[in-house]
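What follows draws every value from the coordinates through simple rules; no lab data is involved. As the structure is a computational prediction, the values presented were derived from the model and not from experiment. Here the Cβ is made from the backbone with ideal geometry for all residues, glycine too, and neighbour counts use every protein chain on show.
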Amino acid sequence: MDFMARATALVGGTMVMMRRPFAARNPAVGGSPTIPQAKKQGIMTLKMPTAKGWEGDHVPSAAPGLRVNAFARGLDHPRWIEVLPNGDVLVAESKEQPNPPRSLMDHAMQATMRRAKAIGDSANRISLWRGTDGDGVAEERHVFAENQNQPFGMALVDGTFYVGNTDGIFSFPYQEGATRLTGEGKRLTTFKPRGHWTRSLLASPDGSRIYAGVGSLSNIADFGMEVEEGRACIWELDVASGEARIFASGLRNAVGMAWEPQTGALWTVVNERDGLGDETPPDYLTSVQDGGFYGWPYCYWDRIVDDRVPQDAALVARAITPDFALGGHTASLGLCWMPEGTLPGFGAGMVIGQHGSWNRSTLSGYRVIFVPFADGKPSGPARDILWGFLSEDEKWAYGRPVGVTIGADKRSLLVADDVGDVIWRVTGSGA
């Protein structure tokens, strides 16, 4: 594995040096992005920083008027956060379990991702963190659930707690104040594991439905569409009947989801395909229509055909153009709605945790951003909330932000950092 990591670094560095002079200089962002023409990479650009973590008093940089502190430390690859009504903070601690490598490229990718602390043994648990004195730091830690299967999304509805494991949604009885779930849980759905393994969950405002993001197995249906059945979509589970259906499709890897309160629309962030260039195509933030198709794998953005894929002209014709581009390969994973008044200097809009790129010559993402909204739509350019997760020379990742959510006090933002093994808390500097 050490040999493979060194060989990967050599080949990857060579490809980066070859492609950087020709890479797009302007990010593909906003409602009408300029997307460079696709350039098939053949051997993909493979560049990831080595995981380093935070040392001493080193913390992420925050926007003016904000401050950041560690709410919880010492986790094992924290990915997603759920805040319960009583203020308890739940954290899904899990990690990608690598598929058996099929090719030299697979070996190379896995060697690189291990160095970046992106794959390996998974803790497979949900931990509970409780603050008792109001200082913004958790004093209690409990094991809320263990022996799960790569847990990720969580939701609490009417005394039932839902867990999005990689192979399906499970439900558990819950009593307020409990520090541990009991029982094995009841399986409500079955999802295909592997590939894009995260299973984010979001309850409808009335609690009658649970939505789940299920990503594709591969980059562009590399193993055929049959194995992608039931994937690259958002599922809807009817809580009362137990019936589940595909709500929207053609979403390569829809992870975070949130409700926009003015229109009641469901929004998500999506990781787009690799191997076409630094900014091609961009990841995106979009509203999601019931029955909508968003292009994957046949096309991207405004019906731009990916000629690496056997085509379906009828599906391309009905593909919906996303609302807001987030730049190429930013790995935008976390998403939450932030109401007006939560953080000083920021209005109402969507907060996005950008985990950071691997498939581009100059790294992107590695920050937490804010997209302002007005009248139910993005209303201006994205702004940084947190950055500094990446060293200036791009060799080291101190952290990588993933899940984001509003704190129980409604005046703070919580951010899961799966390289730093920290939950960060962002507040106004005077709080």
Size of charge dipole - the chain - debye, nearest 20, with Cβ of Lys, Arg +1 and Asp, Glu -1, no other charges | 1040 debye
Viscosity 1.306 mPa s, temperature 10 °C, Stokes-Einstein D of the stretch 161-233 from Kirkwood C-alpha radius, µm²/s | 116 µm²/s
Over the C-alpha atoms of the stretch 297-350, what are the Rg and the largest Cα-to-Cα span, Dmax, in Å?
-> 16.6, 49
With +1 on the Cβ of every Lys and Arg and -1 on the Cβ of every Asp and Glu, the dipole magnitude of the stretch 285-399 about its Cα centre, in debye rounded to the nearest 20, is 60 debye
Comparing His355, His196, His58, which has the greatest mean-square fluctuation in the GNM of the chain with Cα pairs linked when under 10 Å apart?
-> His58
How do Phe370, Phe293 rank when sorted from fewest to most other Cβ atoms within 10 Å of their own Cβ?
-> Phe293, Phe370
By the Cα gyration tensor axes a ≥ b ≥ c (a/c under 1.5 gives rounded; else a/b larger than b/c gives prolate, otherwise oblate), the shape of the chain is rounded
Quick one: Trp235, Trp387, fewest Cβ neighbours within 10 Å first, how do they rank?
-> Trp387, Trp235
Please list the non-local residues whose amide H lies under 5 Å from the amide H of Ser332, H modeled 1.01 Å from N, same-chain partners needing a gap of 5 or more.
-> His355
Kirkwood Rh, angstrom, the stretch 326-431 [1 / mean 1/r, Cα pairs] | 14.1 Å
Dipole of the stretch 305-431 (Lys/Arg Cβ +1, Asp/Glu Cβ -1, origin at the Cα centre): which of Gln354, Ala314, Trp396 lies farthest to the positive side?
-> Gln354
The stretch 30-144, Rg to Rh (Cα coordinates; Rh as Kirkwood inverse mean 1/r) | 1.07
For the cross-link pairs Lys117/Lys395; Lys117/Lys410; Lys95/Lys117; Lys52/Lys395, which exceed 20 Å when the distance is taken from alpha carbon to alpha carbon?
-> Lys117/Lys410
When a footprinting reagent is the concern and you count Cβ atoms within 10 Å, what order do Asp278, Asp121, Asp421 take, fewest first?
-> Asp121, Asp421, Asp278
In deg cm²/dmol, rounded to the nearest 500, the helical mean residue ellipticity at 222 nm of the chain, built from -39500 (n - 2.57) for every DSSP H run of length 4 or more, is -2500 deg cm²/dmol
With springs only between Cα atoms under 10 Å apart, run a GNM on the chain and tell me which of Val269, Val239, Val255 wobbles the most.
-> Val239
Charge dipole of the chain built from unit charges on the beta carbon (Lys, Arg +1; Asp, Glu -1), centred at mean Cα; most positive-end Cα among Ala212, Val288, Val29 is Val29
Have a look at Thr182, Thr198, Thr268 and tell me which one the Gaussian network model of the chain (Cα, springs below 10 Å) gives the largest fluctuation.
-> Thr182
Set of the stretch 394-423 residues, backbone N closer than 17 Å to the point 7 Å along the Cα-Cβ line of Glu340 = 411
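Calculate the FRET efficiency for Val143 and Arg187 from the Cβ-Cβ distance with a Förster distance of 25 Å, rounded to the nearest 0.05. Can you show the working numbers first?
Numbers: r = 21 Å, r/R0 = 0.85.
Here the calculated transfer efficiency is 0.70.
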